[in-house]
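J.: Have a look at this one.
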Amino acid sequence: MIIIKEIQEALGKAIRAIKIEVTTREQEQLSGELSCFLQWLEPLLAVDTADADQILISHGAVNVLREDKAHSGDLVDLKKAAPNFDEDFYQVPPIIE
Amino acid sequence: MEFRKMTACRAAEAVNNGETTACQLIKEILERCNVLNGKLNTFIKIAGPEALEQAAAVDKQVKSGQKLPLAGVPVAVKDDLCCRDLPTSFGSPAFKNFISPYGAAAVEKLTDAGAVVIGKTNLDDMGIGSTTTSSPAGPALNPWAPDRVAGSAGAAAVAAAQCLIFLESDSGGALRQGASHCGVIGLRPTMGRVSRYGLHTFASSFGQIGITASSTDDILAALEVISGFDARDASTALYREKSAEKNAAVEPEIIKIGYPTAIIALLAPDHRNLMERAREDIEASGFQLTDFKLDLLAEALRAYYIIAFAETSSNLSRFDGIRFGMADYAENLDELYYKSRRLTFGQEASRRSIFGTFILSQGNYDRYYRQALKIWTLVRREFTAVLDQCDLLLMPAVRTLPQLVTEQIDFCRLYEEDLFCAPVSLAGLPSLCLPVGEVDQLPVGLQLVGRPFSEEMLIGAASRIIPEIKFPPNVIC
Amino acid sequence: MEYEVVIGLEVHVELLTKSKLFCCCPNRFVAEPNINTCPGCLGFPGVLPQLNSEAVRHALTASLALNCEIALYSYFDRKNYFYPDIPKGYQLSQFFVPIGSKGFLIIEDDNGKPKTVRIGRVHMEEDAGKLVHAISGNTSLVDYNRAGVPLIEIVTEPDLRSPGESRRYLEQLKGILQYTRVSDCKMEEGSLRCDANVSLRPMGCPDLGSKTELKNMNSFKAVEKSLEHEIKRQRDILRSGKEVITQTLRWDEGSQATIVMRGKLQAHDYRCFTDPELAPIELTEEDVEKARAALPEMADVRAARYVNEYDLPEYDAGVLTSSHGLADYFESCLELYNNPKVTSNWIIGEFTAQLNSTGLEPDQCSFQPKDLVELLLMIDQKLISGKIAKDVLAKAFQRGTSPRLVVEEEGLLQISDQSELEKVIVKVISENPDSVENYRGGKAKSLGFLVGQVMKETEGKANPRLVNELLLKIIGS
Ligand SMILES: [Zn+2]
């Protein structure tokens, strides 16, 4: 069992890492939900997986390689999709290094 | 045209031999589609002018002597599949006006075969879920009982004859459960059979494109069109290698179908009775039946959710408000991320992204993620062993009837609904959901699960089993 | 107290391919931003990665050239983090299983003795875009031209003990990667980038001290300088009894000093997991052996051969083999002209001077091996003097014409006609009676002056040895 306080901390960390705005109330609710979810997962942890390899890629294809050929596409539609595109660049808030 | 009894194959035949034109067909179905949409909320976008333009092009091709396998067939497409000239929302308010500069391979193959895309259907938040209750456009309603959800908007559209073929994604079971809830046929092919290029998927390991229709012939016709190798989706390389293995004709006598007595016992009495009756019918039509069991179903469901959440957190990271989507004014970079991602995702996409991040983070990775990857192996082993003994497996598709629109269901309980579908996705097997009867005047389907790339056998067997497809009695149109 | 310096280098190298790692955008530098982009490398939803075979081949070649063990089964993983130059919200990188591991390079230590530097890993990954900071200061700009360019990262164990060793390691690494044509390794253009981890520990102490990370070193000289600077800084801190703070520092070329980039090095949790969309890379022993057999002769082996086979001084051999292009050029010349030392002198001297002043590579300039040989043959045949030949080489190189054409057009053929030269000599003697007297009086230097005058009179076209001979004959008698 994971202690509530640990879950709250881990949840806060996850939210900061994944960068989704969440209100304090939502975060409280999420914390409860995460506890429930982890509890729901418990049966999985009990399974003996000592002799099982991990599956990493679900489709069975291997060595799917492309020939090294280049071609330029049409940019017009791509730029249009951007919320802030100006003077050939994608614009973001100032980043101070 | 009487769309209620129309199949896609029949429609294409009528267009190809000049009984009608694609334009005529599309005009009529658009009218029907619009009227019904007011009641069912199945379509986010009905593409009237675009569809008529496409239909005119099809007529021109037919006139010039070409025979197109899906000439003039009205097709609906779930809105997580990109179409070149139609908006694609991915189930996000931030993408209301997004026009994708590329089209999904499967959709383009359908239109190349003469099919006409009449619109994009409703879906859950970022395409995640199997109820459409989290859709920014509100839920799609079930044509059999408008106070209930349809599960899949496109399945509802097929059931109500708003379209004849529906193309949609299926990860944990949305397509199959939708088919069950709406009384139509849904096929989830093996990963690698159909190119996923142009499909936004929240979980790349499981997200697959499938077909929903009201006849097995239509499913087969559409599958033949959309199957095949596509350099833009690595998973399709396997099918290229295996395509030589053709499936033999389906003779019930030589096909052994597994029946999971222990799993059926878990069902509510009404559903259990239905499955038992289906078993008798199937046996009566000549198939051999044998019992099988799966010990890891509940664990498989959980492994599915762990892996799907992990992948969701990563797959949805590209939605950052920089190259596409929506961005609010932001003073700094973090603010941009937080705000634009909030604008993009609803509650379920946010929850899964956050929980997925938790699962993958240091300290939890081994406990949850690695364990799920190992259970994945065990589940595959279990299914492979069972399919050594049986050619096909019969499985339930749903546990309960579609939820009431007003019902608030705890999210973990909602995940439990995927108990029979998600493990099949995890096992990487093809599955076809077909209607077998009713519970409380609502249709219920079951799954036929086969070996990898055995879709033809699934379709062939289903065509011997399916009772006549019923039309929802409440849809008067 | 005496301290031991411990340095580890992480080198990123752009691979010489026509297209990017996972899409077909050109892999070539362009000034105009966001020109080499497509839905794939911009991370649009529904677009899947397509692995470039040439990048895999290069990574395998580089790993073998660096004496690595090759992973017969490898794949790409997702390193998840947010930054505007990362379009998908993750970087695809071989995090868990690098294609090459446990390699080494042998370099010279500071005492000129051979020393093994262990290479921990060689792995493939995709490059990020570039951030430009607008002058106005209220926005930052993103250019995705570089996003998705194929890279290999080469990481040493902390085996380097001085800035000099580090520089020699880099020089050798660069030579190998250029020789194998894996990369052009232009540090100034960013196709080779180097980060360094530096720490100090008391002599004899087995544990590593706290380290700093150095970035933004744009030349080998900058690497050496910044390491020297950082070592001194750390030594001063330790000697004053304080502790070195673990942080990331940026080398500032202008002030020749390090600047703190990020305080406290945070252990970032990238939540890595294997990419489910790409197919794994499976190599056979046979594939590896084939690639090994195809490796070109490395610089050190080639240099040794030059010393043994052609009797060249070690210096010449070293310079010629410092770039594969120069060595190839040298060998092409030798196929046509059998005097290695003379050829070497001209390549190291005049030819290299021209390359340096034009910035061209040997295979890019129009002055081909056959042109140099033509020039050398003209000297041997006494058609031109060595001095004139230098001029001819420069002109032929710059004009892109053959040396013979330059000689003919400019009338530079050497005067070896005795009677013609005697006329000039008589004229010079009559104009400089004092010098003649001086020579006869024992001042040997005066002969040189007279030779010079003859050369001047003939605009350098006289054969100097013949002039010498004739002069002696005339004034000596
Ligand atoms: Zn690209």
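The values are calculated or read from the model by the stated rules, or taken from the named source; none is laboratory data. This is a predicted model, so every value here is computed, not measured. For neighbour counting, all protein chains shown are included, and Cβ atoms are generated from backbone atoms with ideal geometry for every residue, glycine included. Calculation scope for accessible area: heavy atoms of the full protein, side chains included, ligands and nucleic acids excluded. Shrake-Rupley method; radii C 1.70, N 1.55, O 1.52, S 1.80 Å.
J.: What quantity of accessible surface, computed with a 1.4 Å probe and excluding non-protein components, is buried in total between chains A and B, in Å² to the nearest 100?
T.: In total, chains A and B hide about 5200 Å² from solvent.
J.: Report the net charge of residues surrounding B:Phe166, where surrounding means a beta-carbon distance below 14 angstrom and charges are Lys +1, Arg +1, Asp -1, Glu -1.
T.: Value of the local net charge: -1.
J.: Express the C-alpha Rg of segment C:3-287 as a ratio against the empirical globular expectation 2.2 N^0.38 Å, rounded to two decimals.
T.: Details: Rg = 19.4 Å, N = 285, 2.2 N^0.38 = 18.8 Å.
Compared with the compact-globule rule of thumb, segment C:3-287 sits at 1.03.
J.: Give the residue from B:Ser235, B:Gln441, B:Ser317 lying farthest towards the positive end of the charge dipole for chain B; charges sit on Cβ (+1 for Lys and Arg, -1 for Asp and Glu) and the dipole is referred to the Cα centre.
T.: Ranked along the dipole, the leading option is B:Ser317.
J.: In whole percent, and with a 1.4 Å probe on the protein chains, what portion of the accessible area of the protein assembly as shown is carbon and sulfur?
T.: Roughly 50 percent of what the probe reaches on the protein assembly as shown is carbon or sulfur.
J.: Return a whole-number percent for the relative contact order of chain B, with Cα pairs under 8 Å and 6 or more residues apart as the contact set.
T.: This gives 17 percent for chain B.
J.: Taking all pairs of distinct Cα atoms, average 1/r, flip it, and tell me the Kirkwood hydrodynamic radius of segment B:341-458 in Å to one decimal place.
T.: On the way: mean 1/r = 0.0590 Å⁻¹.
Value: 17.0 Å, from the Cα pair sum.
J.: Can you give the accessible area per residue of segment C:418-476, in Å², using a 1.4 Å probe? Don't jump to the answer; show the numbers that get you there.
T.: Numbers: 3550 Å² over 59 residues.
Ligands and nucleic acids excluded, the result is 60 Å² per residue.
J.: Count the net charge of all other residues whose Cβ sits under 10 Å from the Cβ of C:Gly40, scoring Lys and Arg as +1 and Asp and Glu as -1. Walk me through the numbers before you get to the answer.
T.: Working: positive: B:Arg232, C:Lys20, C:Lys88; negative: none.
Summing Lys/Arg as +1 and Asp/Glu as -1 gives +3.
J.: Determine by what factor the alpha-carbon radius of gyration of segment B:41-159 differs from 2.2 N^0.38 Å, reporting the quotient.
T.: Compared with the compact-globule rule of thumb, segment B:41-159 sits at 1.11.
J.: Let me ask another. Count neighbours as other Cβ atoms within 10 Å of each site's Cβ, and list the trypsin sites (Lys or Arg not before Pro) in segment B:223-330 that are DSSP loop with at most 10 such neighbours.
T.: Answer by residue number: B:Lys246.
J.: Continuing with this model, one more query. Return the average number of partner chain Cβ atoms within 10 angstrom of each residue Cβ along peptide B:367-379.
T.: Mean shielding by partner chains, rounded to a whole number: 6.
J.: Scan around B:Asn122 for amide H atoms under 5 Å from its own, H built in the peptide plane at 1.01 Å from N, and keep only partners 5 or more places away or cross-chain.
T.: B:Phe43, B:Ile44
J.: Same structure again: Between C:Glu4 and C:Glu253, what is 0.36 nm times their sequence separation minus the Cα-Cα distance? Round to one decimal in nm. List each step's numbers first, then the result.
T.: Numbers: separation 249, 0.36 × 249 = 89.64 nm, distance 2.60 nm.
Separation in residues times 0.36 nm, less the Cα-Cα distance, equals 87.0 nm.
J.: What lysines does C:Lys427 reach when the alpha-carbon gap must be under 20 Å and sequence neighbours fewer than 8 apart in one chain are set aside?
T.: C:Lys445, C:Lys456, C:Lys461, C:Lys473
J.: Using only DSSP helix segments of four residues or longer, with each worth -39500 (n - 2.57), what per-residue ellipticity at 222 nm results for chain B after dividing by its residue count and rounding to 500?
T.: -12500 deg cm²/dmol, from helical runs alone.
J.: Using the alpha carbons of the protein assembly as shown, what is the convex hull volume per residue in cubic angstrom, as a whole number?
T.: 230 Å³
J.: Report the longest stretch of chain C that contains none of the GluC sites (Glu not before Pro) sitting in a DSSP loop with at most 16 other Cβ atoms within 10 Å.
T.: C:3-242
J.: Return the average number of partner chain Cβ atoms within 10 angstrom of each residue Cβ along peptide B:301-310.
T.: That works out to 3 on average.
J.: Now for a different question. Apply the Debye scattering formula to chain C, with a single equal point scatterer on each alpha-carbon and no solvent, then give log10 I(q)/I(0) at q = 0.05, 0.07 Å⁻¹.
T.: -0.30, -0.53
J.: Still on this structure, I have one more. Loop-only trypsin sites (Lys or Arg not before Pro) in segment B:52-90, please: DSSP not H, G, I, E or B, and at most 14 other Cβ atoms within 10 Å.
T.: Here the sparse-neighbourhood loop sites are B:Lys67.
J.: OK, next. Run through segment C:407-477 and list the trypsin sites (Lys or Arg not before Pro) located in a DSSP loop whose Cβ has at most 14 other Cβ atoms within 10 Å.
T.: In loop regions of segment C:407-477 (DSSP not H, G, I, E or B), the sparsely surrounded trypsin sites (Lys or Arg not before Pro) are C:Lys443.
J.: Hey, can you grab everything whose amide H is under 5 Å from the amide H of C:Glu4? Only 5+ residues off in sequence or another chain; H modelled, so Pro and N-termini drop out.
T.: Here the answer is C:Arg201, C:Met203, since their amide H atoms fall under 5 Å of that of C:Glu4.
J.: Determine the relative contact order of chain C: mean sequence separation of Cα pairs under 8 Å and six or more apart, normalised by residue count, in whole percent.
T.: It rounds to 14 percent for chain C.
J.: Given a 1.4 angstrom probe, what's the average accessible area per residue across segment C:73-173, in square angstrom?
T.: Each residue of segment C:73-173 exposes 34 Å² on average to a 1.4 Å probe.
J.: Another question, if that's okay. With N set to the residue count of segment C:418-476, report its C-alpha Rg divided by 2.2 N^0.38 Å to two decimal places.
T.: 0.99
J.: Could you give the Stokes-Einstein D for segment C:299-409 in µm² per second, using the C-alpha Kirkwood radius, 37 °C, 0.692 mPa s?
T.: 235 µm²/s
J.: Just to verify a number: FRET efficiency for C:Glu410 and C:Glu331, C-beta to C-beta distance, R0 = 51 Å, to 0.05?
T.: 0.95
J.: Rg and Dmax of segment B:98-191, using alpha carbons, in Å: what are they?
T.: 13.2, 38
J.: If you don't mind, there's one more thing I want to ask. Within 10 Å of each Cβ in peptide C:67-79, how many partner chain Cβ atoms are there on average? Round it to a whole number, please. Before the final figure, lay out each step's value.
T.: Numbers: counts 0, 0, 0, 0, 0, 0, 1, 0, 3, 1, 1, 6, 1.
That average works out to 1.
J.: Between B:Asp270 and C:Tyr315, what is the label-point separation in nm under the 7 Å Cα-to-beta-carbon projection?
T.: 9.7 nm
J.: Quick one: the Cα spread of chain B along its three principal axes, in angstroms, biggest first?
T.: 65, 59, 46
J.: In addition: Which distance in nm do the two modelled labels at B:Lys60 and C:Glu297 give, with both placed 7 Å along the Cα-to-Cβ direction?
T.: Here the answer is 6.4 nm between the modelled labels.
J.: Considering only DSSP beta bridges whose two residues both sit in chain B, what percent are antiparallel, to the nearest 5?
T.: 70 percent
J.: Using only the alpha carbon atoms of segment C:328-477, find the Kirkwood hydrodynamic radius as the inverse mean reciprocal pair distance, in angstroms to one decimal.
T.: After inverting the mean inverse Cα-Cα distance, the result is 16.9 Å.
J.: Which entries of B:Lys293/C:Lys88; A:Lys80/B:Lys63; C:Lys113/C:Lys395; C:Lys382/C:Lys443 have Cα-Cα distances beyond 32 Å here?
T.: B:Lys293/C:Lys88; A:Lys80/B:Lys63; C:Lys113/C:Lys395
J.: Label C:Ile135 and C:Ile245 with points 7 Å out from Cα along Cα→Cβ: what is the distance between them in nm?
T.: Result for the modelled spin labels: 3.4 nm.
J.: Right, another one. Go ahead and collect, in residue order, the members of segment C:319-350 whose backbone nitrogen is under 14 Å from a label point 7 Å along the Cα-Cβ direction of C:Ala304.
T.: Of the residues in segment C:319-350, none has backbone N under 14 Å from the label point off C:Ala304.
J.: Related question: Would you please calculate the Kirkwood hydrodynamic radius of segment C:186-237 over all C-alpha pairs and express it in Å, rounded to one decimal? Spell out each step's value before the answer.
T.: Working: mean 1/r = 0.0827 Å⁻¹.
Roughly 12.1 Å, rounded to one decimal.
J.: Continuing with this model, one more query. I'd like the FRET efficiency for B:Thr384 and A:Glu28, computed as 1/(1 + (r/R0)^6) with the beta carbon distance as r and R0 of 41 Å, rounded to 0.05.
T.: The formula returns an efficiency of 0.40 here.
J.: Which FRET efficiency value, to the nearest 0.05, is calculated for B:Glu438 and A:Glu42 with the Förster distance at 60 angstrom and r the Cβ-Cβ distance?
T.: FRET efficiency, B:Glu438 to A:Glu42: 0.95.
J.: How much mean residue ellipticity at 222 nm does chain C get from its helices, if each DSSP H run of length 4 or more adds -39500 (n - 2.57) and you divide by all residues, to the nearest 500 deg cm²/dmol? Mind showing how you got there, number by number?
T.: Numbers: 16 runs with 187 residues, N = 477.
Computed mean residue ellipticity for chain C: -12000 deg cm²/dmol.
J.: Would you tally the net charge around B:Ile29, using a Cβ to Cβ cut-off of less than 13 Å, leaving B:Ile29 out, and scoring K and R as +1, D and E as -1?
T.: So the surrounding residues net to 0.
J.: Output the relative contact order of segment C:299-409, whole-number percent, from Cα pairs under 8 angstrom with separation of 6+ residues.
T.: So the answer I get is 21 percent.
J.: Mind listing the long-range amide H neighbours of C:Tyr75? Cut-off is under 5 Å, sequence gap 5 or more, other chains count too, H placed in the peptide plane at 1.01 Å from N.
T.: It is C:Val97, C:Ile281, by chain and number.
J.: Before I look further, what does chain B give for accessible area per residue, probe 1.4 Å, in whole square angstrom?
T.: Accessible area per residue, chain B: 33 Å².
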